[in-house]
C-alpha cells in the first residue's frame with residue numbers, strides 16, 4: 001500500500017495513548033485499518049510529566065497499531081492539549097497598492113501575518129491561525145478572495161497558542177520512537193472533524209471532548225471557529241473523588257464509575273446499595289448507589305459550570321442553533337447529557353460515529369474521537385496544500401510562525 005495513501009493520528013492522553021491508522025481512498029473516503037492503544041504513564045492533565053514513561057507507552061501503542069493495520073508507521077499527526085493552551089480572535093488588514101486591484105495569494109498570506117502580529121507571552125508559540133471570514137472592501141461572506149477586485153482585504157482569524165516547551169516535549173517524545181511529526185493539532189479541533197457535520201457547524205455548535213485529565217472544547221458559529229480552550233479537569237478527577245469519598249482503591253473506583261456510575265440524582269430506590277466484593281488489598285463493602293451518583297453529579301456539575309463561565313466570556317452561546325455535542329471517554333457516563341443540558345442551557349447530544357469505513361468498534365467509540373479526527377485533519381491538509389518540510393513547519397510553529 002502506498003505510503004501517500006496512509007494517514008495516522010496519535011493522541012497522547014492522560015489515560016491512554018491512541019494511534020489510529022487509515023487508508024485515504026481515491027474517492028475521498030477513509031477506511032480505518034487499525035487502532036493501537038496503551039495505558040498512559042507520565043501524563044498529568046494532558047501534559048507530559050515523565051518523558052521516558054510516555055515514550056514507552058507511545059512505542060507500545062504504535063506497535064499495536066502497526067500489527068493490527070499491517071502498516072509500517074513512519075509519520076503521525078499528533079493531538080495537543082493542556083491548560084496552557086490559549087486562544088483569541090483577531091483581524092488582519094491589507095491595503096492593496098494603488099497600481100494593483102486584484103487580490104492574489106501573497107495578499108492572503110500577508111493578511112494572515114497581520115492577524116498574527118500580536119503580542120503573546122515570550123514562552124509561547126503559535127499553534128493555529130484558522131480563517132473565520134474574509135472581507136473585500138467591506139463586503140462580507142467572501143469565501144475565496146483570490147482573483148477578486150478590491151482595494152482592501154480584511155480577514156478574521158481564530159488564533160491558538162501555547163507554551164513552546166510543552167509542545168516541544170510532545171514532539172520530542174514522538175520523534176524518539178522514531179516517527180516524523182507531520183503536524184501538531186489542538187485536540188478539540190481534531191475531534192470536531194468527525195463528531196459534528198458541516199451543517200451543525202453552520203447552525204452553530206459546541207463540541208466538548210472530556211478525556212481523562214482535560215475538558216477540551218471548540219465553538220463553531222456560521223461554520224467558523226469562534227472560541228476554543230482547555231479546562232484541566234476530566235474523568236480522572238471523578239475517579240479520585242469516588243476513591244476518596246467512598247474510601248476504596250483507585251482501580252475499584254474507576255470500574256465503579258464506568259460500570260455503575262450515573263450523573264443523575266434521585267433516580268434510584270431509597271437505600272439502594274451496591275456490593276463491592278473483596279479483592280487483594282480490599283476487604284469489600286457495600287455502598288449506597290445515591291452516594292456514588294452524588295459524587296459524580298457534583299464533580300461534573302462543577303466542570304460544566306466552569307466551562308459555562310469560560311464560554312460566557314464571549315457572546316457566542318446564544319448562536320448555537322445545533323446545541324452541544326459531547327465526546328471523549330467521560331461522555332459515556334450515564335445521564336451526563338442531561339446534566340450538561342441543565343447547566344449549559346443547550347440541547348446536548350452524544351457524538352455520532354464518524355463518516356468512515358473500517359473497524360466498527362473503533363468508529364463507535366467516543367474515546368477515539370481525537371485520533372480519528374486527526375486522520376480527517378490530515379486528509380484535509382493533504383488536499384488543501386502541498387506539505388512543506390517538517391523542519392520548516394516546526395521552525396515556523398515554535399519560533400514565531402503560525403498554522404492555518
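Where strands (runs of 3 or more DSSP E) sit wholly within region 123-212, those with at least 3 residues that are within 20 Å of the chain's Cα centre (by Cα) occupy 124-136, 152-163, 180-186, 205-210.
Which residue pairs have Cβ atoms closer than 9 Å, lie 6 or more positions apart in sequence or on different chains, and pair a first residue in region 303-331 that is without any contact (Cβ under 8 Å) to a residue 12 or more places away in the chain with a second residue that is part of a strand (DSSP E or B) and surrounded by 14 or more Cβ atoms within 10 Å (Cβ to Cβ)? Listed by first residue and then by second, the contacts come to 313/227. Residues satisfying the criterion are present in region 336-347 (criterion: on the phi < 0 side of the Ramachandran plot and not in a helix (DSSP H, G or I)). Counting only residues that are in contact (Cβ under 8 Å) with a residue 40 or more places away in the chain and in contact with a strand residue (DSSP E or B) (Cβ under 7 Å, 6 or more places away or on another chain), region 273-291 holds 1 of them. Within region 130-152, the set of residues being under 21 Å from residue 193 (Cα atoms) and surrounded by 15 or more Cβ atoms within 10 Å (Cβ to Cβ) comprises 130, 131, 132, 133.
Of all residues in region 11-41, those that are buried (at least 19 other Cβ atoms within 10 Å of the Cβ) and part of a loop (DSSP other than H, G, I, E, B) total 4.
For region 105-122, the set of residues classified as in a loop (DSSP other than H, G, I, E, B) and either over 19 Å from residue 133 (Cβ atoms) or free of Cβ contacts under 8 Å to residues at least 24 places away in the same chain (or both) consists of 119, 120, 121, 122, listed by residue number.
Residue 329: surrounded by 15 or more Cβ atoms within 10 Å (Cβ to Cβ) and on the phi < 0 side of the Ramachandran plot, yes or no? Answer is yes for this residue. Summed over region 354-365, the residues that are free of Cβ contacts under 8 Å to residues at least 12 places away in the same chain and surrounded by 15 or more Cβ atoms within 10 Å (Cβ to Cβ) give a count of 1. For residue 331, the criteria (1) in contact with a strand residue (DSSP E or B) (Cβ under 9 Å, 6 or more places away or on another chain); (2) part of a helix (DSSP H, G or I); (3) more than 23 Å from residue 351 (Cα to Cα) hold in every case but one, which is (3).
Computed from the coordinates by the stated procedures, all read-outs in this text should not be read as laboratory data. Keep in mind it's a predicted model, so treat the numbers as computed, not measured. Please note: Cβ atoms are built from the backbone with ideal geometry, for glycine as well, and neighbour counts cover all protein chains shown.
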